[in-house]
Amino acid sequence: VQLQASGGGLVQAGGSLRLSCAASGRTFGSYFMGWFRQAPGKEREFVAAISRSGSSTYYTDSVKGRFIISRENAKNTVYLQMNGLKPEDTAVYYCAAGGGAYVNGRHQAAYDAWGQGTQVTVSS
């Protein structure tokens, strides 16, 4: 599967953005999906994950209540709705697809394919 992330940009603190990740191929529904981010000078970290059906989601604590991950299997797309953005959310955001067993999607090693990343910048 190939992934293409989009939707990043510059936004003021408190604002919102919706990231999209479009997947190629007909097997999108066979992958659980995740979003990760990497801030300058920091390691890439987990943000959110969603199961194959979309019935189960998991978030890192810092984004709970602000971000929502969702997917539309008919459109081969996963989304990350980001509300109440903070300057510390500034990072390059990556989507990823995992073909194995889904537990909570926190671990990068569980993913088989990665998108190219989209920049999110939150100004104070």
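For the chain, which whole-number percentage of the solvent-accessible area (1.4 Å probe, protein heavy atoms only) is attributable to carbon and sulfur atoms? Walk me through the numbers on the way to the answer.
Details: 2900 of 6160 Å².
Ligands and nucleic acids excluded, carbon and sulfur reach 47 percent.
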Cut-off 14 Å (backbone N to label point 7 Å along Cα→Cβ of Ile68), residues of the range 12-37: 16-19
Under 16 Å from the Cα of Lys86, which lysines turn up, not counting those fewer than eight places away in the same chain? Lys64
Using only Cα atoms, locate the centre of the range 1-28 and the centre of the range 52-89, then give the distance between them in Å, rounded to an integer. 10 Å
Which listed residue (Met82, Trp114, Ser70) has the Cα farthest towards the positive end of the charge dipole for the chain, taking +1 on Lys and Arg C-beta and -1 on Asp and Glu C-beta about the Cα centre? Ser70
Relative to the present Cα-Cα distance, how much length would full extension add between Leu10 and Ser53 at 0.36 nm per residue of separation? 12.3 nm
Could you report the accessible area of Thr60 in Å², rounded to 10, computed with a 1.4 Å probe on the protein chains as they sit in the structure? 40 Å²
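Please work out the average accessible area per residue across the range 17-92, using the 1.4 Å probe convention, and give it in Å². Could the numbers behind the result be given before it?
Numbers: 3670 Å² over 76 residues.
I get 48 Å² per residue for the range 17-92.
The values are calculated or read from the model by the stated rules, or taken from the named source; none is laboratory data. Note that this is a predicted model, so its numbers are computed, not measured. Ideal geometry is used to build each Cβ from the backbone, glycine not excepted, and the neighbour counts take in all protein chains shown. Ligands, DNA and RNA are stripped out before the accessible areas are found, and what is left, the full protein with its side chains, is counted by its heavy atoms. Shrake-Rupley method; radii C 1.70, N 1.55, O 1.52, S 1.80 Å.
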